[in-house]
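Below is one structure, written out as C-alpha cells, with a few remarks after it.
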Amino acid sequence: MAFSNEEFKRLLGIFREEGTEYLQKLGDCLLHLEKDPKNTSVLEEIFRNAHNLKGAARILGLTEIARIAHDLESIFSLAKDGKLAITSERIDAITESIDAMSSLLTADAKEEAVNIQEPVKQMHRELAETKEAAQQLPVKFGRRVSDSQFLSTVKVSTEKLDNMMNQIGELLISKMRFEQRMDDTNSLTGLCEGLIKDISRFKREELRLKGIKKTRSYTNQDKRGVEMMDNISADLIRLNDELIRFTSDFYENQIDLGIVTGSLEESVKNIRMLPLSTIFETMPKMVRDLSRKLNKKVDLNMEGETIELDKRILEGLKDPMVHLITNCVDHGIEQPDERKNTGKNEDGKITITAAPVGGYIEIAVEDDGRGISIDKIKERALKNGLVTEDMLAGLSNEQLINFVFEPGFSTSEIITDISGRGVGMDIVKKNIGDLNGLISIQSEYGKGSKITIRVPLTLVTVRVILVESSGEVCALPEAAIDRILSVKEEEILTIGESEVFRESGDILPIGRLSHILGFSKKEDEDASNEYPAIIIEGGEKKAAFIIDNIIGEETIILKNLTFPLTKLRNVSGAALLGDGRIAIVLNPADIIDSMKAVKPLPIKKVKEKEIEKKSVLVVDDSITTRTLEKNILESSGYDVTLAVDGLDAYNKLQKKDFDIIVLDVQMPNMDGFAFTEKARNTQEFSNIPIILVTSLESDADKRRGIEVGADAYIVKRTFDQSNLIETIRRLI
C-alpha cells in the first residue's frame, strides 16, 4: 500500500508506540519462558504478539521487522507443537532479534541495516531447514479487541497535558486572588458596620439634645442636620444589607470555584499519572542480559510497581534506576563460586521496593552482594585528593560512603564497558535532586547495600515552606525541611574559614541563604544577635540557613524555567503566589552543595578567640584512634591535647588544666585503670571527669572502670562520635 510522506510519518509514529508495547510484552514473556519452557499460555502469548507485530510492519512496508517477527512466529509455532526446544541459547538469540527490531523501530528512515549476530543467523538457518513444517502451521489469531475496548483509551501528548496544567495553574492563581477579594469585601462590610455604629452614637446624641430642648430652641439648620443623619443611616443600613448578601453569594461562588478547580486539577494530574511498572518492566530483561554477560546468577524481585507517579517523575527516574541496577549486578552481586565460598546462595538477590510516604514515594534498591568497602573508599578518596589523612580519621562510615556521589569516584578495580569509569552516581544524585528528591546509601561490607530514593509523586503541585531572604521570597519543598529554629550568635562557632552550628549532637555548617544565592545584603542584616534559621536536608547531608523570616506554608503550582535558565543552579523553578509575588523554588541538594563552594560571610560579630574553649586530654597508644578522637573533638569546638599512654597523660596533667579526660584502657607504661585510680587519689585531679573509651566490653571490665572512678565507659565496637560528644557535654 502506497502512502504519502505525511501519512507514512503519522502511521510510523503510531506503529512505533504500538511496536514498543509488543516488544516489551515479548521480552517479559521470554523471562517467564526461560523458567518454564513448556508453559503453553506463555508460548501462545508470544506467538500472538509476534504475529500482530508482523502484520502491522507489513502494512507499512517495514520488511525487515516483518521478517524477524515472522521468524519468531514460526519458532514459537514449532515450540507449541513440541517440534523445537526452547533453550537458553535460543532465548539469547530471540532476545537479540527483539533488540534488532527495537533498533529498527527507532531508525530515522523507513528501514536501516541491523547487524544481526551469529546466534540469530544460526537460528534463522535452523528455521530454514524446517521451512516446510513452519509453512504448514496454521495461523492462529489472537482475540479481536472490540471497538468499545479500543475507544476506551486515547493517547495524548505530554505537551498538551503540560499546557492544560499551566492553564489550571493560572486558574488556581485567579482563585487565590478571588479569595483575596473576598477578604477585601469582608473588610468593606466591617467598615460599613463601623459607620452605622458611629451614626447610632450620633442619633443617641440627638435624643439627648431633644431632652434638653426646653433650654434651647432648634434652628432649621439643626433639623436639617438631624434629617441628613437619619437618611445617611438608612442608606448605610441598606448598603450593609446588600454587602452582606453579596458577600454570602461571593462566598458560595468561591466554594463552587474551589471545588471545580480542585476537581479539574486532580483530573489532569491523574491523567499524567503512570504506574511504576512503566520503568520497572524493563528491569527483568536488563538484569537477565547483564547477569548472563557477567556469568552471574541473579534473581530480581519487585514490589510496588502499581504505584502511580507523574510522567515527568518517571522519565527522570528511568536513567538513575538503570544505573543503580547495573551497579547491583556488576559491582554488588559476586560470582557464584565466590558467593558459595562465603556461605551465600549462588543466586544473588536484588529487590526493588516502592511505597508511598505522604505526597512522596520511596524506592529502595537492595542487594545481598559484597557491599561497599570502606577501606577502598578511603584509599580512593585520598588518591583523588578529596580528603587528607587527618580529615579521614574524623569521618564516619556514613560520611565516607557519600564519597561515591563525588564526580569521577569509583572503587572498581577495572574499567569495563558496563561500569567502572566513575561516571554515574554523581549524575544519579543530580537527576534525583532535579526531581526535588533525596538519595541515601546504606551498606555493610560482605552483606550488601541498600540505596533509597525519595521523590515527590508529582512535580506539578508542591507543598512548600515560604521564606524571605534579603526581601526575596523563596520556596523550599516541605519534605526537605528538617526543622525551623532560632540561632543565637553565641551558638555559632568558627572552624577555619567555615562557620558551624551545634544542634542535637550534630555539627552543621551554617550560612546566610541570601549569600549562597547571591542576593544583595540588607542594611539591618546584622542588627540582631538572634537569627531565624531553617535546617535543610539533602540526601545524607544537612545544613542550616539563616533567613529573614518565615512567611508560611502553601501548595504551589511549580513552573519550570525556560531557556536560558533551564540549568540554573540552586533553583528548581518558580511559582506565582496569590498576592502576585513570584517565589523562587529552591533545590535543597544544590544549595547544600553550594554552601561548600561559596566562601561564607561572617554571621557572628564575635571572633573565635573570644569563645572560651573547653580543654580535653585524649590518651591512647593508637595514633589512628588519637587522631580520630582529636578531629571529632576539634570539629565540635574543643581544645585537644594528646598523650600516648597513662604516664605521658599524668605528666601533662601536672603541667596544664583540663576540663575532661578521654582515655584508652590497654596502654603501655600505665594503663587506663591505673591512671584513673592515680588521678582520683590526687586531690587536685580528683574532680576531673574521666571517660574510658576501650575495646574491653565484659561486665567485669566495666565494673572495674566504675570502681577506679571513671565517669563514663564507651566500648569502641559501638563507638559513635555523637555519643562521645553528648557524653562530654553531659559531664562538663
Practice item. Could you tell me whether any residue of the range 681-698 is within 42 Å of the chain's Cα centre (by Cα), farther than 30 Å from Pro509 by Cβ and surrounded by 20 or more Cβ atoms within 10 Å (Cβ to Cβ)? Key: yes
Exercise for review: Among the residues of the range 458-508, write down those that are at pLDDT below 80, surrounded by 18 or more Cβ atoms within 10 Å (Cβ to Cβ) and part of a loop (DSSP other than H, G, I, E, B).
Suggested key: Thr458, Leu459, Val460
Exercise for review: Taking only the range 281-320 into account, find how many residues are closer than 17 Å to Thr458 by Cβ and β-branched (Val, Ile, Thr).
Suggested key: 3
Review point. Would you call Thr278 touching a helix residue (DSSP H, G or I) at 6+ places or on another chain (Cβ under 6 Å), at pLDDT 75 or above and part of a helix (DSSP H, G or I)?
Key: yes
Exercise for review: Could you list all residues from the range 374-390 that are of a type in the set (S, T, N, Q) and surrounded by 12 or more Cβ atoms within 10 Å (Cβ to Cβ)?
Suggested key: Asn384
Practice item. For the range 294-314, indicate whether the set of residues that are within 27 Å of Asp347 (Cβ to Cβ), in a helix (DSSP H, G or I) and in contact with a strand residue (DSSP E or B) (Cβ under 8 Å, 6 or more places away or on another chain) is non-empty. Key: no
Exercise for review: Please indicate, with yes or no, whether at least one residue in the range 656-664 is of a type outside the set (Phe, Trp, Tyr), farther than 16 Å from Ser615 by Cβ and either in the same structural domain as Ala710 (by the TED database) or not in a loop (DSSP other than H, G, I, E, B) (or both).
Suggested key: yes
Review point. Just wondering, is there one or more residues in the range 253-265 that are in a helix (DSSP H, G or I), in contact with a strand residue (DSSP E or B) (Cβ under 9 Å, 6 or more places away or on another chain) and among the β-branched types (Val, Ile, Thr)?
Key: no
Check your understanding: Which members of the range 242-252 meet the condition of being out of contact with any Leu (no Cβ under 9 Å at 6 or more places or on another chain) and without any contact (Cβ under 8 Å) to a residue 60 or more places away in the chain?
Key -> Glu242, Ile244, Arg245, Ser248, Asp249, Glu252
Check your understanding: Would a scan of the range 52-61 turn up a residue that is closer than 16 Å to Thr95 by Cβ, at pLDDT 80 or above and crowded, with 16+ Cβ neighbours inside 10 Å?
Key -> yes
Study note, to complete from the structure: Within the range 321-354, of all residues that are part of a loop (DSSP other than H, G, I, E, B) and of a type in the set (D, E, K, R), the one nearest to Thr452 (Cα to Cα) is Glu334
Study note, to complete from the structure: Checking Tyr638, Tyr650 in turn, the sole residue that is of a type in the set (Phe, Trp, Tyr), over 17 Å from Ile507 (Cα atoms) and assigned by the TED database to the domain that holds Gln683 turns out to be Tyr650
Review point. What are the residue pairs meeting all of these: first residue in the range 427-447, first residue acidic (Asp, Glu), second residue assigned to a loop (DSSP other than H, G, I, E, B) and surrounded by 18 or more Cβ atoms within 10 Å (Cβ to Cβ), Cβ atoms under 6 Å, and 6 or more apart or on different chains?
Key: Glu444/Gly371
Exercise for review: Please work out if Lys596 is under 30 Å from Val467 (Cβ atoms), surrounded by fewer than 22 Cβ atoms within 10 Å (Cβ to Cβ) and at pLDDT below 90.
Suggested key: yes
Exercise for review: Please tell me if Leu84 is outside any helix (DSSP H, G or I) and either in contact with a Phe, Trp or Tyr (Cβ under 9 Å, 6 or more places away or on another chain) or farther than 15 Å from Ser102 by Cα (or both).
Suggested key: yes
Exercise for review: From Leu653, Leu628, grab the single residue that is of a type in the set (A, V, I, L, M, F, W, C), without any contact (Cβ under 8 Å) to a residue 40 or more places away in the chain and either outside any loop (DSSP other than H, G, I, E, B) or out of contact with any Cys (no Cβ under 8 Å at 6 or more places or on another chain) (or both).
Suggested key: Leu653
Study note, to complete from the structure: Exception for Ser217 within (1) modelled with pLDDT under 65; (2) among the small types (Gly, Ala, Ser); (3) surrounded by 12 or more Cβ atoms within 10 Å (Cβ to Cβ) falls at (3)
Exercise for review: Just give me the residues in the range 634-669 being surrounded by 22 or more Cβ atoms within 10 Å (Cβ to Cβ), closer than 30 Å to Glu490 by Cα and among the small types (Gly, Ala, Ser), in sequence order.
Suggested key: Ser636
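The values are calculated or read from the model by the stated rules, or taken from the named source; none is laboratory data. Only a predicted model underlies this, so the values are computations on that prediction, with no experimental measurement involved. When we count neighbours, we look across all protein chains shown, and the Cβ atoms used for this are built from the backbone with ideal geometry, even at glycine.
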